[in-house]
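**Student:** Here you go, one structure.
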Amino acid sequence: MALRIQKILLDQLRSHGEQTYPHECCGVLVGEFDEAANKTVQTVVACGNTRTDSPQNRYHISPAELIRIQREAALVGLDIVGFYHSHPDWPAKWSSTDLDEAHWTGCSYVITSVEKGKAVLTNSFLLLGEEQTKHFEDEVIEVGETIQEQQNR
Amino acid sequence: MPIKVLIPTPLRPYAGKQSSVEVTAKTVGEALNSLVTQHPDLRKHLFAEDGKLRSFVNVYLNDEDIRYLAKDATPAKETDTISIVPSVAGGL
């Protein structure tokens, strides 16, 4: 299983982390699942971080914003396939908080490390299992120049 | 005409892979009960053992969080859409 994304969209979510530094950014990946559970991202939707009490080390996306994104995606036959956020001056690895707060099984959680304001590494983690057994697995990010190139992989 | 309940991606495996389910109900609570009666595997993903909605499960009637309406007793009519949205959060 892999997360397929155009370079321009990957750059978009990485630069979001630079714009919000030293705070965490967050957003939603909208796209399609194929029969093998690979995901192709069609749109990256930047969201506001509602954790204004601790934005340097926490993020939260408003459910109202999620509903709007889910509804607009469904209108064009797409789904929410994952989420992204940044780790300011911290590795691009999931934390225990990330796992505790993750509930979208089958979706990708993309994390970008932003060091001194510059996006460095971006990794994707696939959430698997049920609430009691949930865990992240490393997920390959396949970066293409175009959607056609991604779909031909 | 029934009420539409939108099912988010992670819960679709427990709802016959459907993105929405239609129910007949007069309140949001009745709608959710009808939903888990149709799809019993959904129950443990929506409700804790005490029967309350799990803390990370948000339920909206159209654009309103039912926590700020009348919760389970929130009236629902045929033109309404109920959305189930697990929370998205994390941090270092």
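Values quoted throughout were computed directly from the atomic coordinates according to the rules given, and no laboratory measurement underlies them. Only a predicted model underlies this, so the values are computations on that prediction, with no experimental measurement involved. Glycine gets a Cβ as well: all are built from the backbone with ideal geometry, and neighbour counts include every protein chain shown.
**Student:** Which GluC sites (Glu not before Pro) from chain B combine a DSSP loop assignment with at most 11 other Cβ atoms within 10 Å?
**Tutor:** On the way: sites: B:22, B:30, B:49, B:64, B:78; in loops: B:49, B:78.
Passing sites in chain B are B:49, B:78.
**Student:** FRET efficiency for residue A:15 and residue A:95, Cβ-Cβ distance as r, R0 = 35 Å, nearest 0.05? Could the numbers behind the result be given before it?
**Tutor:** Working: r = 22 Å, r/R0 = 0.64.
Given R0 = 35 Å and the Cβ-Cβ separation, E is 0.95.
**Student:** Turning to a different aspect of this structure: Which three extents, in whole angstrom, do the alpha-carbon atoms of segment B:3-86 cover along their principal axes, largest first?
**Tutor:** Projected onto its principal axes, the Cα set of segment B:3-86 covers 28, 26, 20 Å.
**Student:** Not counting the cut sites, what is the longest span of chain B without trypsin sites (Lys or Arg not before Pro) that DSSP labels loop and that have at most 13 other Cβ atoms within 10 Å? Kindly include the intermediate steps, with their values, before the conclusion.
**Tutor:** Working: sites that count: B:17, B:26, B:52, B:77.
Within chain B, the longest run free of exposed trypsin sites (Lys or Arg not before Pro) spans B:27-51.
**Student:** Could I ask something else about it? Which shape class applies to segment A:56-136: rounded if a/c is under 1.5, otherwise prolate when a/b exceeds b/c and oblate if not, where a ≥ b ≥ c are the square roots of the Cα gyration tensor eigenvalues?
**Tutor:** Values: a/c = 1.97, a/b = 1.36, b/c = 1.45.
Cα axes put segment A:56-136 in the oblate bin.
**Student:** If you don't mind, there's one more thing I want to ask. Place a point 7 Å from the Cα of residue B:67 along the Cα-to-Cβ direction; which residues of segment A:63-98 have their backbone N under 14 Å from it?
**Tutor:** Counting only backbone N, you get A:63-65.
**Student:** Return the FRET efficiency for the residue pair residue A:53, residue B:17: r is the Cβ-Cβ distance, R0 is 41 Å, and the value is rounded to the nearest 0.05.
**Tutor:** Working: r = 38 Å, r/R0 = 0.94.
The computed FRET efficiency comes out at 0.60.
**Student:** Taking R0 as 30 Å, what FRET efficiency do you get between residue B:41 and residue A:140 from their Cβ-Cβ distance, rounded to the nearest 0.05? Let's see the in-between values first.
**Tutor:** Details: r = 30 Å, r/R0 = 1.00.
About 0.50, to the nearest 0.05.
**Student:** Compute the distance in nm between two label points, each set 7 Å from the Cα along the Cα-to-Cβ direction, one at residue A:68 and one at residue A:130.
**Tutor:** 3.5 nm
**Student:** Check each of the trypsin sites (Lys or Arg not before Pro) in segment A:1-103 and keep only those in coil by DSSP with at most 16 other C-beta atoms within 10 angstrom; list them in order.
**Tutor:** Details: sites: A:4, A:7, A:14, A:39, A:51, A:58, A:68, A:71, A:93; in loops: A:51, A:93.
Filter output for segment A:1-103: A:93.
**Student:** Something else: What is chain A by shape, rounded, prolate or oblate, if you read a ≥ b ≥ c off the alpha carbon gyration tensor as root eigenvalues and call it rounded for a/c under 1.5, prolate for a/b larger than b/c, and oblate otherwise?
**Tutor:** On the way: a/c = 1.39, a/b = 1.26, b/c = 1.10.
Judged from the Cα gyration tensor, chain A comes out rounded (a/c under 1.5).
**Student:** What nm distance separates the two modelled labels at residue A:76 and residue B:56, each placed 7 Å from Cα along Cα→Cβ?
**Tutor:** 2.9 nm
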